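Have a look at the structure below, then the notes.
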Amino acid sequence: TPAVGTQNFALSDIWFLDLVSYMWTPVKATLPKGIFFHSGAVGGDNCLYTFGGSTYNTQGSVDRLNVLYKVNIFVPPLVELAWKVFHQNFKHIPRLTMVNLGVPIYLVHRV
């Protein structure tokens, strides 16, 4: 139980640490809810993945989480956004057809 006059809270903000300057910078994205004691990693797709942790419920008690969040922390290049939409909607197209349609070969090799 928190002491009188104190309040429990969990944060949803995201910060980036520059490993050259050792300076923290806030990221414009946020997590869907405030969490703490979670695990996190940034993938090659410029997304932050967090898993688990804890949060406070409306009664102020701690709830443990079994949730995986994926948050875009940087806007991906337009080619990556276009490839994602193309691949989701036309994944049945043969590789050769993709090449003939003008899809860059490095994207075709991802299939």
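The values are calculated or read from the model by the stated rules, or taken from the named source; none is laboratory data. Predicted model only: the values in this text are computed from it and were never measured. When we count neighbours, we look across all protein chains shown, and the Cβ atoms used for this are built from the backbone with ideal geometry, even at glycine. For accessibility, only protein heavy atoms count, side chains too; no ligands or nucleic acids. Shrake-Rupley method; radii C 1.70, N 1.55, O 1.52, S 1.80 Å.
Values computed for the structure shown
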{"quantity": "Hits in segment 82-103 - residues which are within 19 Å of ASP45 (Cβ to Cβ) and surrounded by fewer than 12 Cβ atoms within 10 Å (Cβ to Cβ)", "calculated": "VAL85, GLN88, ASN89, LYS91"}
{"quantity": "Number of positions in segment 28-76 that are without any contact (Cβ under 8 Å) to a residue 12 or more places away in the chain and open to solvent by less than 70 Å² (accessible area, probe 1.4 Å)", "calculated": "6"}
{"quantity": "Any chance VAL99 is of a type outside the set (Asp, Glu) and at pLDDT 90 or above", "calculated": "yes"}
{"quantity": "Qualifying residues in segment 8-22 (those that are touching a Phe, Trp or Tyr at 6+ places or on another chain (Cβ under 9 Å) and either assigned to a strand (DSSP E or B) or among the β-branched types (Val, Ile, Thr) (or both)) - the one farthest from LYS70 (Cα to Cα)", "calculated": "ASP18"}
